[in-house]
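Report on one structure; see the data block that follows.
The values are calculated or read from the model by the stated rules, or taken from the named source; none is laboratory data. This one's a predicted model, so the numbers in the text were calculated from it and none came from an experiment. Here the Cβ is made from the backbone with ideal geometry for all residues, glycine too, and neighbour counts use every protein chain on show. Just the protein is used for accessible areas: all its heavy atoms, side chains included, with ligands, DNA and RNA removed. Shrake-Rupley method; radii C 1.70, N 1.55, O 1.52, S 1.80 Å.
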Amino acid sequence: MSHDHDDRPQLTADQAAAVLTPPPGRTGGDLVVESLQGLGATTVFGLPGQHALGMFDALRRSSLRYVGLRVENNAGFAADAYGRITGEVAPLFLSTGPGALTSLAALQEAAAASAPVLAIASQVPTAGLGGGRHGYLHELRDQQASVRDIVKSVHTVRAASQIPSAIAAAWESALTAPHGPVWVEIPQDVLLAETTLPVVSAMDATPRELYPRPELTIAAAHLLSNAERPVIIAGGGVVRSDASGKLRALAERIDAPVVTTFGGKGAFPWEHPLSLRSWLEDRHTTDFLEDADVLLVVGSGLGELSSNYHTFRPRGRVIQIEADAGKLESNHPALGIHSDAREALSDLLETVERREDPGAAERVRTVLEKVRVRIDAQELTLEQQVLAAVRQALPDGSPSFWDMTILSYWAWSAFDARRPNTMHSAQGAGGLGYAFPAAIGAAAADPTTPVLAVSGDGGAMYSLAELATARQYDASLTWLIVDDGGYGILRAYMTDAYGEATGTELTRPDFVALAESFGVPAVRTTPDSLATDLTKALAAPGPSVVVLPALLRMFEPTHL
């Protein structure tokens with residue numbers, strides 16, 4: 001690419017002198033933090049390790065805020081939540097070998113949820129690379145191989161001058177739709193070596209926009225304009241692209257009922273006359289979706305949970321808008337539109353013809369009434385009471401993070417998120433331990449808004465060390481632990497399948513006393529006092545814990 005002379009950077013004499021005589025004592029680690037600052041980063045998550053100390057030492061000379069967690073996987077969950085809440089890249093500093101490997105479950109969740117996490121990991125010294133088995137501490141024959149199947153892209157550095165370009169390329173990859181985790185790897189000696197390179201200035205790593213092809217928009221608009229029974233499934237892509245307003249406008253333009261996936265919670269108003277809510281694990285909803293003559297799927301791959309465990313068999317035409325090209329038609333034949341959800345919905349709004357269907361809202365009410373009757377027949381009053389108490393206590397604008405626990409499974413279907421991008425769970429990869437460290441990341445993203453984490457006692461045991469983190473940073477969050485003495489959902493699955501459960505019963509601590517030992521106020525509550533205790537905890541500054549001893553049950557599945 002050629003540049004005219006007038007396009008060249010015009011520097012003042014002082015700026016030119018600063019470029020030509022950079023400050024002494026800078027290292028490759030400084031190039032890392034300068035690159036992040038130049039790209040607009042403000043916060044870094046992580047955990048120090050021997051090979052990564054060059055980056056951590058450079059943090060001291062930077063304006064970046066550091067949030068250090070106690071376990072690398074939890075640091076990854078915190079970065080994941082920061083990326084989800086802000087839509088910005090969340091840098092994650094990792095050490096070599098065990099430190100890098102411990103982050104993998106968190107990076108898998110970030111990949112499944114399309115969270116823009118930039119993991120920057122150290123490596124053994126350059127002389128030890130290439131699988132030569134030199135016996136360095138933390139040495140892996142091929143560290144990248146452990147992450148390559150998880151992250152969007154891998155960027156390797158072998159010299160200091162490569163650092164800014166590698167980080168910029170990774171940054172752009174993380175923010176290109178679909179968002180996701182990326183990996184940069186830098187050897188220890190490169191991070192520690194002094195550099196005479198100029199200080200990194202502002203860099204541009206703006207991702208390419210992903211627009212729909214016009215002929216596909218025209219075809220989709222024609223199908224929707226002429227449909228008799230159109231229905232919309234809204235997934236997480238609608239939330240991530242900030243397209244909930246356009247989704248609502250389109251649904252109202254064509255009178256199409258909308259169901260949101262568990263990852264798309266809040267994408268459509270819960271109480272809207274066209275809202276089917278999120279009852280995807282319900283045969284009445286599945287039947288209604290199958291009866292649509294045109295089904296518009298926006299920002300979802302229609303995976304296991306979104307398809308009622310792959311029992312969903314659409315009979316009409318499917319239009320699928322998806323930023324991840326690999327998910328197009330991965331489960332059902334469709335008119336596949338590779339596009340960011342916001343851009344595609346915007347183009348559809350300009351192209352589709354108004355369509356009126358006075359009976360659409362009545363059909364939605366009929367389905368929701370069938371769902372209500374089915375659930376009420378199972379005498380699950382306690383579960384609905386607990387979920388209602390959480391909703392009552394949680395401010396509308398507060399984000400909530402849910403672990404893989406029975407109350408979360410209820411929340412996927414039955415919880416009104418009220419606003420887009422406020423309800424997040426680990427349902428993408430399905431690992432335990434997500435909620436509490438994720439809430440720490442969200443509290444770092446917006447310290448002015450209280451955050452809620454919801455875990456079972458089994459999942460809570462993964463994250464107890466982060467009580468120290470929450471206290472250290474005075475994070476404004478409340479951790480609700482539903483204590484049923486084991487892995488409750490696995491206990492239920494195994495009992496239903498085999499008649500009894502194995503390995504699901506847990507000895508656990510006194511969570512209230514444990515939290516208080518970290519200096520975190522805690523209370524043991526009951527279903528009747530839960531709303532009051534949660535409200536009080538969320539309103540108080542700093543971290544808090546609310547423990548609810550309760551044995552909750554799941555509603556009966558309909559896919560079996």
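With a Förster radius of 41 Å, plug the Cβ-Cβ distance of Glu500 and Ala325 into 1/(1 + (r/R0)^6) and report the FRET value to the nearest 0.05. Between Glu500 and Ala325 the formula returns 0.35.
Taking Cα atoms, how many degrees apart are the long axis of helix 488-498 and the longest axis of the chain, rounded to 10 and kept between 0 and 90? Result, in degrees: 60. Shape class of the range 101-174 from the alpha-carbon gyration tensor: oblate, with a/c at 1.5 or above and b/c at least as large as a/b.
What full-extension length gain, to one decimal in nm, is calculated for Leu560 and Arg213 as 0.36 nm per residue of separation minus the Cα-Cα distance?
My answer for the length gained is 121.0 nm.
Relative to 2.2 N^0.38 Å, what does the C-alpha radius of gyration of the range 423-560 come to as a ratio? Two decimals please.
Dividing the Cα Rg of the range 423-560 by 2.2 N^0.38 Å gives 1.09.
Ignoring ligands, DNA and RNA, please state the percent of accessible area on the chain from carbon and sulfur, probe 1.4 Å. The C+S portion of the solvent-accessible surface of the chain is 51 percent.
From the residues Val238, Ala227, Val182, which one has its Cα farthest along the dipole of the range 132-259 in the positive direction, the dipole being from +1 and -1 charges on Cβ of Lys/Arg and Asp/Glu about the Cα centre? Of the options given, the answer is Ala227.
Extension gain for Arg354-Ala202 works out to 50.1 nm (0.36 nm per residue, less the C-alpha to C-alpha distance).
Over the C-alpha trace of the range 65-132, radius of gyration and Dmax come out as 12.8, 42 angstrom.
A helix-only calculation puts the chain at -11000 deg cm²/dmol for mean residue ellipticity at 222 nm, using -39500 (n - 2.57) for each DSSP H run of at least four residues, averaged over all residues.
Dipole orientation for the chain: of the candidates Ser300, Val318, Ala445, Ala445 has the Cα lying most toward the positive pole (charges on Cβ; Lys, Arg +1; Asp, Glu -1). Give me the distance in nm between label points sitting 7 Å out from Cα along the Cα-to-Cβ direction at Glu362 and Thr381, one decimal. Result: 3.5 nm between the two label points. Under the convention that each Lys and Arg Cβ holds +1 and each Asp and Glu Cβ holds -1, the size of the dipole of the range 53-190 around its Cα centre is about 160 debye. Straight-line cross-link partners of Lys327 among the lysines, defined as a Cα under 26 Å from its Cα and at least 8 positions apart when in the same chain: Lys152, Lys246, Lys265. The P(r) of the range 145-244 has a tail past 16 Å containing 72 percent of all C-alpha pairs. Subtracting the Cα-Cα distance of Leu53 and Ser529 from 0.36 nm times their residue separation leaves 166.6 nm of extension gain. Measuring r between the beta carbons of Asp446 and Ala249 and using R0 = 25 Å, the FRET efficiency lands at 0.35. What whole-number distance in Å separates the alpha-carbon centres of the range 229-264 and the range 354-416? With the range 229-264 and the range 354-416 each reduced to a Cα centre, they are spaced 17 Å. Angle between the Cα long axis of helix 435-445 and the longest principal axis of the chain, 0 to 90 degrees, nearest 10? With both axes taken from Cα atoms, the answer is about 60 degrees. Its Cα centre serving as origin, the chain has a Cβ charge dipole (Lys and Arg +1, Asp and Glu -1) of approximately 240 debye.
Counting only Cβ charges, +1 for Lys and Arg and -1 for Asp and Glu, the dipole size of the range 296-411 around its Cα centre is about 440 debye. Mean projected area of the Cα convex hull of the range 235-341, taken over all directions, amounts to 5.8 nm². Over the chain, the hull volume per residue, using the convex hull of the C-alpha atoms, is 173 Å³. Over 22 Å apart: what share of the alpha carbon pairs of the range 16-131 falls there, rounded to a whole percent? The answer is 35 percent, as a whole percent. What the range 227-345 shows is 32 Å² of accessible area per residue, with the surface traced by a 1.4 Å probe over protein heavy atoms. Between the Cα long axis of helix 104-113 and the first principal axis of the chain there is an angle of about 50°, rounded to the nearest 10. Our summary of shape: the Cα atoms of the range 422-468 have principal axis extents of 29, 26, 13 Å, ordered from largest down, in whole angstrom.
Here the label points at Asn226 and Asp510, each 7 Å from Cα along the C-beta direction, are separated by 7.2 nm in the simple model.
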